[in-house]
Amino acid sequence: SSPALQLPCDDAAIAALLSPRKLALDCGGASAGGVEATKLLKASFGSLSDNRAALDLTGPFKDAERAVLLDSETRHVLAAAVVHVRAGSVLEVPLFATAKKFRGQGFGSALYAALAGLGRRLGLQTLVVSATDESRAFWVRQGLHAKKFCGAAEKSAMSSLEQRGLVTSFENTTLMAAPIPQGLEPPPLALDQ
């Protein structure tokens, strides 16, 4: 079945954050971002044997969505993520990748900022990611931490999800979390610095 689409990707605050930088956000099912987004996620996570359902948005990911950061002029995919609203208060991001040729330019941070904004808009409290060895430093720069270094609310959210089997940690990944920034303004983008 198709996912219950719930990410408000047409949010005016997110558009205001992205459009001056010639960026756009596309959200939806497994076809969001088209073949280019599928290729990016498969190239980044094809070695993970247990990620097929996350890539295809099937099985435990049937209610997940794909969020894709695009160049608004060329429509090239810059970064993509699989996103899942869990237990009413958690935004889980089991897969997140920036195209290799666009890494180090702030596009991963821009997608993270957009996802945090979407989570805030949905009233979610915690962002949980499944971080690879390669991405761990990126997530620490975004303010996420492994469970033992998280605050009490994030630890509690992660434990609750783990106990119910609702959070996904792929082989050779570490669960990391942070509170979703609250407030009206989206977080600043690394592109601005």
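The values are calculated or read from the model by the stated rules, or taken from the named source; none is laboratory data. Fair warning: this is a prediction, and the values are worked out from it, not measured in the lab. Cβ atoms come from the backbone with ideal geometry, glycine included; neighbour counts cover every protein chain shown. Heavy atoms of the whole protein, side chains included, go into the accessibility calculation; ligands, DNA and RNA do not. Shrake-Rupley method; radii C 1.70, N 1.55, O 1.52, S 1.80 Å.
Which GluC sites (Glu not before Pro) in the range 94-184 pass both tests, a DSSP loop state and at most 11 other beta-carbon atoms within 10 Å?
Working: sites: E134, E154, E162, E171; in loops: E134, E171.
Here the GluC sites (Glu not before Pro) that fit, given the DSSP loop and packing criteria, are E134, E171.
Normalised by the residues of the chain, what does the relative contact order come to in percent, with Cα pairs under 8 Å and at least six apart?
Relative contact order for the chain comes out at 21 percent.
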Subject >> For the range 1-123: rounded, prolate or oblate by the Cα gyration tensor [a/c cutoff 1.5] >> reply: oblate
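Viscosity 0.890 mPa s, temperature 25 °C: give me the Stokes-Einstein translational D for the range 123-165 in µm²/s, with Rh taken as the Kirkwood radius over C-alpha pairs.
Values: Rh = 11.1 Å.
The diffusion coefficient I find is 220 µm²/s.
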Subject >> Given charges at beta-carbon only (K, R positive; D, E negative), |dipole| of the range 95-186 in Debye >> reply: 140 debye
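If you take every DSSP beta bridge fully contained in the chain, what fraction is antiparallel? Give it as a percent rounded to 5.
Numbers: 28 of 32 bridges.
So the antiparallel bridges in the chain amount to around 90 percent.
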Original post:
Between K147 and T58, what is the FRET efficiency for a Förster distance of 35 Å, r being their Cβ-Cβ separation, to the nearest 0.05?
Top reply: 0.80
Original post:
When all protein chains stay in place, what accessible area (Å², nearest 10, 1.4 Å probe) is found for R121?
Top reply: 130 Å²
**OP:** Among G117, Q142, T98, pick out the residue whose Cα is farthest towards the positive end of the charge dipole of the range 1-150, where Lys and Arg carry +1 and Asp and Glu carry -1 on C-beta, about the Cα centre.
**Re:** Q142
**OP:** Work from the charge dipole of the chain (Cβ charges, +1 for Lys and Arg, -1 for Asp and Glu, about the Cα centre) and give the residue of N172, A80, A16 farthest towards its positive end.
**Re:** N172
Subject >> Loop-located GluC sites (Glu not before Pro) in the range 56-126, at most 15 other Cβ atoms within 10 Å (DSSP) >> reply: E73
**OP:** Could you list the residues of the range 108-146 with an amide nitrogen less than 13 Å from a label point located 7 Å from the Cα of K155 in the Cα-to-C-beta direction?
**Re:** 146
Subject >> Simple Cβ-charge dipole of the chain, Lys/Arg +1 and Asp/Glu -1, about Cα centre, in debye nearest 20 >> reply: 280 debye
Original post:
Where nothing but the Cβ of Lys and Arg (+1) and of Asp and Glu (-1) is charged, how large is the charge dipole of the range 79-133 around its Cα centre, in debye to the nearest 20?
Top reply: 180 debye
**OP:** For the range 53-186, just run the numbers: alpha carbon Rg, then divide by 2.2 N^0.38 Å, N being how many residues it has.
**Re:** 1.00
